[in-house]
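What follows is a single structure, written as structure tokens, with notes after it.
The values are calculated or read from the model by the stated rules, or taken from the named source; none is laboratory data. Just so it is clear, the structure is predicted and the values come from calculations on it, not from any experiment. Cβ coordinates were reconstructed from backbone atoms using ideal geometry, including for glycine residues, and neighbour counts include every protein chain displayed. Just so you know, the surface numbers come from the protein's heavy atoms only, side chains and all, with ligands and any DNA or RNA stripped out. Shrake-Rupley method; radii C 1.70, N 1.55, O 1.52, S 1.80 Å.
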Amino acid sequence: MSRVAIVTGASSGIGAATARRLAAEGFHVLAAARRTDRLAGLVAEIAAAGGAATAVACDVTSDESVAELARAAQQAPGPVSLLVNNAGGARGLDPIESGAVGDWQWMYDVNVLGTLRVTQALLPVLESSGAGTVVIVSSTAGFTVYEGGGGYTAAKHAQTAIAGTLRLELCGRPIRVIEIDPGMVKTDEFSLVRFGGDADRAESVYAGVAEPLVAEDVADCIAWCATRPQHVNVDRLVVRPLAQAAQHKVHRAS
């Protein structure tokens, strides 16, 4: 039987790149996201490359939708041994004194409660595989704050807390917990979503940075961590582009 991996937020960016990479590593990928039209294209692309994937409609902010994902996992063509909690995102770059409560609520629901819902629902199948792995895609914002990032950094700090706590609580059971913390990653949608579709403002985030990370770089990190021998737990992998020495220190060509 095939090893099965579940990737949330698989319709674009890091999630889509991770689904492609894990399929190339031999996993049957359950690609989960809200936008099923995009998932259909991704699954067809993976199949054309010789891999195997199944699209699963899933909104991580919905208990009912996550329950459907758990049911799909139980019907997968093999043991589900890997969960990549990738669904997430940012909205706005406003200071705390003027930040929109709705934006903060959305970020907390998607990044934090989404990870909670999906992990709770899938821990039973991961444990029954005998060699499960939970990957939580957080961010360098999970341990560093910056002006205008209060809502996003609060959510990512919470997501990082989930990873550390879960690792303690699962100690002695056959499930690893791995946290991936990317810095500056240029994807097709992250900054566009953050700035409400303002393409110029989104592009300015990467101005002067010749080589930011791209989705495939993070997917490579996820795949490497997930394919180590089961007794090897990479607790936290922090990955930034060479141009970014820290959250506040980025080399930009003039």
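Are any residues in segment 29-61 closer than 16 Å to T8 by Cβ, in contact with a helix residue (DSSP H, G or I) (Cβ under 8 Å, 6 or more places away or on another chain) and in a loop (DSSP other than H, G, I, E, B), and if so, which ones? Matches in segment 29-61: C58, D59, V60, T61. For beta carbons closer than 6 Å, sequence separation of 6+ or different chains, a first residue in segment 213-227 that is under 15 Å from M184 (Cβ atoms) and a second that is at pLDDT 95 or above and part of a loop (DSSP other than H, G, I, E, B), the qualifying pairs are L213/P241. Given the criteria touching a residue at least 60 places away in the same chain (Cβ under 8 Å), open to solvent by less than 60 Å² (accessible area, probe 1.4 Å), assigned to a helix (DSSP H, G or I) and not aliphatic (A, V, I, L, M), does G114 qualify? Yes; evaluated as a whole, the condition is true for this residue. Among the conditions (1) in contact with a Gly (Cβ under 6 Å, 6 or more places away or on another chain); (2) crowded, with 23+ Cβ neighbours inside 10 Å; (3) not charged (D, E, K, R), the only one that M1 does not satisfy is (2). Looking only at residues of segment 160-204 that are at pLDDT below 90 and of a type in the set (A, V, I, L, M), we find that the one that is farthest from L122 (Cα to Cα) is A199.
Checking the conditions here, which among G148, G102 is out of contact with any Phe, Trp or Tyr (no Cβ under 7 Å at 6 or more places or on another chain), assigned to a loop (DSSP other than H, G, I, E, B) and open to solvent by less than 60 Å² (accessible area, probe 1.4 Å)?
Details: G102 fails: assigned to a loop (DSSP other than H, G, I, E, B).
Exactly one of G148, G102 is out of contact with any Phe, Trp or Tyr (no Cβ under 7 Å at 6 or more places or on another chain), assigned to a loop (DSSP other than H, G, I, E, B) and open to solvent by less than 60 Å² (accessible area, probe 1.4 Å), namely G148.
Residue count for segment 199-218 satisfying the condition of being touching a helix residue (DSSP H, G or I) at 6+ places or on another chain (Cβ under 6 Å) and open to solvent by less than 30 Å² (accessible area, probe 1.4 Å): 3.
Scanning segment 158-198 for residues that are assigned to a helix (DSSP H, G or I) and closer than 17 Å to G92 by Cα yields a count of 5. All of (1) among the hydrophobic types (A, V, I, L, M, F, W, C); (2) closer than 28 Å to S129 by Cα; (3) open to solvent by 20 Å² or more (accessible area, probe 1.4 Å) hold for A243 with one exception: (2). Starting from residues that are outside any loop (DSSP other than H, G, I, E, B) and open to solvent by 30 Å² or more (accessible area, probe 1.4 Å), keep the ones in segment 219-236 and report whichever is nearest to V177 (Cα to Cα). Per the stated criteria, the residue is R236.
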